[in-house]
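Undergrad: Handing you a structure now.
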Amino acid sequence: MLLPSTQAKTLKERDQQAIWHPFTPLPDADQVISLTKAEGVYLYTSDGRKILDAISSWWVNLHGHSHPHIAEAVYKQATTLEHVIFAGFTHEPAVQLAERLLDTLPSNQDKIFYSDNGSTAVEVALKMAFQYWYNQGISKKKVIALNGSYHGDTFGAMSVGDRSPFTAPFNPYLFEVAFVDFPACQKQDCCGGNSGETSVCPSVNEVIHSFTALAESGEVAAFIYEPLIQGASGMRMYAPEILDTMLSVARKHNILCIADEVMTGFGRTGRLFASEYCRELPDIMCLSKGLTGGTMALGVTSCTAEVMQPYHSDDLMKTFFHGHSFTANPLACAAANASLDLLLTEDCQANMRRIAAKHEKFMEQITAHPAVEAMRCKGVILAIEVKTGTETSYFNEVRNSLYTYFMERNLLLRPLGNVVYILPPYVITNDELDTIYAAIYELLEKVR
Ligand SMILES: *Cc1c(COP(=O)(O)O)cnc(C)c1O
């Protein structure tokens, strides 16, 4: 029974008493906003505000919130088979999703392994790769990752991610990884930032050189990378030609290549998967965020037939001993199937092209603006580095004031340091995009 005093409390007050939020300093916990519903690109607050979700709720939402087609699929599934242990059992939603993913993923992907989220998809990928060598009795202890990378918040995923203030308390517990520099030119006046011509940029050549030196050691088990765009480190982009060069070096030296497409997957870069821009295909791929259209938690790790080869054995000890209670949850798989229905329509594909074209046009408009430090666009992702005059990081005032500035205008943009980026659901209209551009332009005018 609820006591009268409990009933009188607001949702926010009850939240503060009971909940610990992600990525939120405790003194800021009172800034949490109570929502009553979400529909399309809008979040509706309990005090009557309507906030435009310009970042797809941390990059997960594809088709707008509370989409009826996905809701219907989840409801139907919930009344049929809500969940079952996935060791020794199977069901239509999981098989159908696996078949459809294998139809859309790069052609060399052959099997689907399910888990719960992006971090677990990465954990599975790493364990799959390490045991691939272990099962063959081959000792390879090194892993290569890129500086600035983010692969999730669990320990394996943190280990292959950049060492940053976020990981500082855990650094002693993370396994060793060989990091190479981010393979794009950092100088404006050299080759235009992320030129595909590796040969023209000395700093990119240097990265390729150290990558090759590591690869030649023969001790590298796997190379893990976010293809074309590093999301969390500020939507930093690098050219497919450069990645291709690294992948072919890795291939030559028998290094398993793991494409973490948790953010880039499902159309964000203008193609279904960022790996499609490369000639060299990954051995293992990680998917999550957009997988269910942003409706339910689900992770996928796909791999080639070659990766599975050393697991085909009568020796019980060569089994891949990994699984989660909610592996291949039927509701999540149903949501993912429904999201794929929408994603593969010509309507949705046209929306992605429309958004990309609008972004390009806005970039042209502000290209010479004195408050623009740098900007970049790939597919539906547009990132603008705002010139702030001070050293910027995720933690400083600039980032917070940018966030507040947009929230005051009912726009959910969550800048990464001084990088303001748009990563919208594909159903966003031109007018809604113009509203966001106008707010960004106004901001640039203010800080000039
Ligand atoms: C978000 C993200 C992850 C982690 O996914 P979670 O579902 O948050 O655990 C991993 N890799 C990349 C590239 C991501 O953007």
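Undergrad: Ratio of Rg to Rh for the range 217-370, alpha carbon only, Kirkwood? Show your work: numbers first, answer last.
TA: On the way: Rg = 18.4 Å, Rh = 17.9 Å.
Rounded to two decimals, Rg/Rh equals 1.03.
Undergrad: Show the residues, 5+ positions off or on another chain, whose built amide H is closer than 5 Å to the amide H of residue 304.
TA: 110
Undergrad: Given the Cα atoms of the range 239-284, and with Rh set as the inverse mean 1/r over their pairs in the Kirkwood sense, what is Rg to Rh to two decimals?
TA: Details: Rg = 10.6 Å, Rh = 10.9 Å.
Dividing the radius of gyration by the Kirkwood radius yields 0.97.
Undergrad: Next up: With label points built 7 Å along Cα→Cβ from the Cα atoms of residue 314 and residue 173, find their separation and express it in nm.
TA: Here the modelled spin labels are 4.2 nm apart.
Undergrad: Next question. Could you give the C-alpha radius of gyration of the range 311-444 expressed as a fraction of 2.2 N^0.38 Å, taking N as the number of residues it contains?
TA: Values: Rg = 20.8 Å, N = 134, 2.2 N^0.38 = 14.1 Å.
That works out to 1.47 for the range 311-444.
Undergrad: What is the set of long-range amide H partners of residue 40 at a cut-off below 5 Å, with H atoms built 1.01 Å from backbone N?
TA: The answer is 65.
Undergrad: Two decimals, Cα atoms only, Kirkwood Rh: what is Rg/Rh over the range 69-344? Each step should come with its number before you reach the end.
TA: On the way: Rg = 18.8 Å, Rh = 19.3 Å.
Computed over Cα atoms, the ratio is 0.97.
Undergrad: Return 69, 324, 312 ranked ascending by Cβ neighbour count within 10 Å, so the fewest neighbours appear first.
TA: Details: 69 13, 324 16, 312 9.
Neighbour counts put them in this order, fewest first: 312, 69, 324.
Undergrad: Here is a follow-up. At q = 0.13, 0.17, 0.20 Å⁻¹, work out log10 I(q)/I(0) for the range 92-249 with the Debye formula, treating every Cα as an identical point scatterer and leaving solvent out; two decimals please.
TA: Here log10 of I(q) over I(0) equals -0.71, -1.15, -1.38.
Undergrad: When the convex hull of the C-alpha atoms of the range 1-119 is computed, what volume per residue in Å³ does it have? Mind showing how you got there, number by number?
TA: Values: hull volume 24.2 nm³, N = 119.
Spelled out: Cα convex hull of the range 1-119, divided by residues, is 203 Å³.
Every number in this text was worked out from the coordinates using simple rules, so none of it is lab data. None of these values were measured; they are calculated from a predicted model. FYI the Cβ positions are ideal-geometry reconstructions off the backbone, even for glycines, and counts take in every protein chain you see.
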